[in-house]
Amino acid sequence: MGLKEGKKTKRNPTVESDTIIGVIDSGITPESQSFSDKGFGPPPKKWKGVCSGGENFTCNNKLIGARDYTSEGTRDTDGHGTHTASTAAGNAVVDASFFGIGNGTIRGGVPASRVAAYKVCTPTGCSSEALLSAFDDAIADGVDLITISIGDKTASMFENDPIAIGAFHAMSKGILTVNSAGNSGPKPISVSGVAPWILTVAASTTNRGFVTKVVLGNGKTLVGKSVNAYDMKGKEYPLVYGKSAASSACDPESAGLCELSCLDESRVKGKILVCGGPGGLKIFESVGAIGLIYQTPKPDVAFIHPLPAAGLLTEDFESLLSYLESAESPQGTVLKSEAIFNRTSPVIASFSSRGPNTIAVDILKPDITAPGVEILAAYSPDGEPSQHDTRHVKYSVLSGTSMSCPHVAGVAAYVKTFYPKWSPSMIQSAIMTTAWPVNATGTGIASTEFAYGSGHVDPIAASNPGLVYELDKADHIAFLCGMNYTSHVLKVISGETVTCSKEKEILPRNLNYPSMSAKLSGSGTTFTV
């Protein structure tokens, strides 16, 4: 993002140390080095929060607050909350890696800031009551900013959306809420978090990616995608295609995809299984496969798997199949992942949710994009790096708009250190108007502004935006009046009794928002907006 370490970047350490980032998520790992308080003074005077993290949970001068709404304690047993918190505000930690992969110094957007963790999610989900309570408490505790990497598969009406309601209250108290756009892309109208008082973040790639090479017995190397820390020591194992190991219960096509109970264990045990899709991940244990090579539909994301595995694109997968057909006893091995660096501009992740906005059609969402693919950050040793994984790690690689959201929260906190009195809309505006343009990667709605909003976040430019588009609570209420909400619904969202009048209304497209979009009625070639 261009936010370099040390003297190369303008910083305001005193204000940074007074900045409190509220993280509403699955909890936090208090022992993580990312949240050590070495070198930190006491919490800022404005802090009114508590540390009620449950048993064996201690706060410090870095992790200054913890609350739990799940009756499990604030400890993160998943890893998600620890990862997002360290991305927004974690200390600089040297030599962090996932078993040597991606080794280097990790740090959050504002490493000198303080963290308050609000645990609202368990493996079964995040309840509306928990979300609303967390917003209420975070506001009263004195946080400067809220980052929340939680959302629905699609957008909800504001009055039914606890994040929109909580964020409205935060906005009226001068607190910006940064929210993830969702992981339901690339299909259109999948973006969530569509209220104009929320800064909504899409996910894009960085200049680093992880690749996993597959070396075949004939010496050919195929480059696949995964985050593979398992070392097969270059030893070659027999390869078996699901189709050739079909059990009598299944047709060859389902066996080729390695669907449940389709394979004959005796033909797979001790071999590297080859599958036409990711189905092998569900069954590899039951059939005794020692490794997995599968055809992947998503070439832009590498995931961690609980065994040596690599995802191949169609062309490479077909070349693997022709080797399997021609070789007498096909063999191969999966190498440990390596990082590759390229200088190409960021591309929006295929999974990142797309606009347009169906609730307020003339408000462009998402607002901005930031790094959200293969992000290495702190993790909970109690969480699994992937499903059915027995390893325990302090750092892990995750992908999602959950990862890009705290990057932007870190940037918002960074901007706020120079302008502590700025309102949420001013900070949001500074970030949106200074973004750098993103190149469309394809045709159709999924590769337009509906994928990336104003563009890619640029922290240095955002700290000197030149001008800002300002909005306050009254403007947002006028916007809601312009959407013809009843006074009952307005009360649900704003907590206040509001009577709308014609003078009070603003059409959504006329809201003083940092981006401008208008949906046209009909398909005429001329129009006036």
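The values are calculated or read from the model by the stated rules, or taken from the named source; none is laboratory data. Keep in mind that what you see is a predicted model, and the values were worked out from it rather than measured. In this analysis, Cβ positions are derived from the backbone assuming ideal geometry, glycine residues included, and neighbour counts consider all displayed protein chains. Just the protein is used for accessible areas: all its heavy atoms, side chains included, with ligands, DNA and RNA removed. Shrake-Rupley method; radii C 1.70, N 1.55, O 1.52, S 1.80 Å.
On a 0 to 90° scale, report how tilted helix 128-141 is relative to the longest principal axis of the chain, with both axes built from alpha carbons and the result rounded to the nearest 10.
In the chain, helix 128-141 runs at an angle near 50 degrees to the longest axis.
Could you order peptides 475-481, 293-299 by the average number of other Cβ atoms within 10 Å of their residues, highest first?
On the way: 475-481: 21.4, 293-299: 19.3.
Taking the mean over residues of other Cβ atoms within 10 Å, the ranking is 475-481, 293-299.
Could you report the accessible area of V361 in Å², rounded to 10, computed with a 1.4 Å probe on the protein chains as they sit in the structure?
Per-residue accessible area (V361): approximately 70 Å².
To the nearest 10 degrees, how steep is helix 162-172 against the longest Cα principal axis of the chain, on a 0 to 90 scale?
Value to nearest ten degrees: 40.
For I445, what charge total do you get from the other residues with a beta carbon under 15 Å from its beta carbon, if Lys and Arg give +1 and Asp and Glu give -1? Mind showing how you got there, number by number?
Details: positive: K187, R354, K365, K519; negative: E449.
Cβ neighbours under 15 Å give a net charge of +3.
Can you list the equivalent-ellipsoid semi-axes of the chain, largest first and in whole Å, using the square root of 5 times each Cα gyration tensor eigenvalue?
42, 27, 21
I'd like the accessible area for W197, computed on protein heavy atoms only with a 1.4 Å probe and all protein chains in place. Round to 10 Å², please.
W197 exposes around 10 Å² with every protein chain in place.
Going down the table (K365/K421; K269/K336; K46/K365; K62/K282; K48/K421), which pairs top 30 Å between alpha carbons?
Among K365/K421; K269/K336; K46/K365; K62/K282; K48/K421, the Cα-Cα distance tops 30 Å for K46/K365; K62/K282.
Tell me the net charge near C126. Cut-off is 12 Å between Cβ atoms, C126 excluded, with +1 for each Lys or Arg and -1 for each Asp or Glu. Please list the in-between numbers first.
Details: positive: K119; negative: D25, D78, E129, D152.
Once positives and negatives cancel, what remains is -3.
Counting only C-alpha contacts under 8 Å and six or more residues apart, can you give the relative contact order of the stretch 45-176 as a whole percent?
Relative contact order here is 24 percent.
Suppose every K and R has +1 on its Cβ and every D and E has -1 on its Cβ; what is the size of the dipole of the chain about the Cα centre, in Debye to the nearest 20?
My answer is approximately 1280 debye.
Cysteines without a disulfide-compatible partner in the chain, using Cβ under 4.7 Å as the rule?
Taking the Cβ cut-off of 4.7 Å, the unpaired cysteines of the chain are C405.
Can you show me the helix-derived [θ] at 222 nm for the chain, built from DSSP H runs with n ≥ 4 at -39,500 (n - 2.57) apiece and divided by the number of residues, rounded to the nearest 500.
That comes out to -6500 deg cm²/dmol.
Under a point-charge model restricted to the Cβ atoms of Lys and Arg (+1) and Asp and Glu (-1), what is the dipole moment magnitude of the stretch 1-150 relative to its Cα centre, in debye to the nearest 20?
Value, rounded to 20: 840 debye.
Could you tell me the extents of the stretch 379-429's C-alpha atoms along the three principal axes, largest first, rounded to whole Å?
So the extents along the principal axes, rounded to whole Å, are 47, 17, 12.
Suppose we look only past 28 Å in the calculated P(r) of the stretch 262-398. What percent of the Cα-Cα pairs does that tail hold? Present the calculation step by step, with values, prior to reporting the outcome.
Numbers: 3171 of 9316 pairs.
In whole percent, the share of Cα-Cα pairs in the stretch 262-398 beyond 28 Å is 34.
What fraction of the DSSP beta bridges in the chain is antiparallel, stated in percent and rounded to the nearest 5?
Restricted to the chain, the bridges split so that about 40 percent are antiparallel.
Going by average Cβ neighbours within 10 Å, how do the peptides 389-399, 110-120, 273-283 rank, with the highest at the top?
Output ranking for 389-399, 110-120, 273-283: 110-120, 273-283, 389-399.
Give the angle, between 0 and 90 degrees and rounded to the nearest 10, that separates the Cα long axis of helix 473-482 from the longest principal axis of the Cα atoms of the chain.
Tilt relative to the chain: about 80 degrees.
Quick one: which of 499-508, 156-165 comes out on top by average Cβ neighbours within 10 Å, and what's the full order, highest first?
156-165, 499-508
What net charge is computed for the residues neighbouring K243, neighbours being all others with C-beta under 15 Å from the C-beta of K243, Lys and Arg scored +1, Asp and Glu -1?
Net charge in that neighbourhood comes out at -4.
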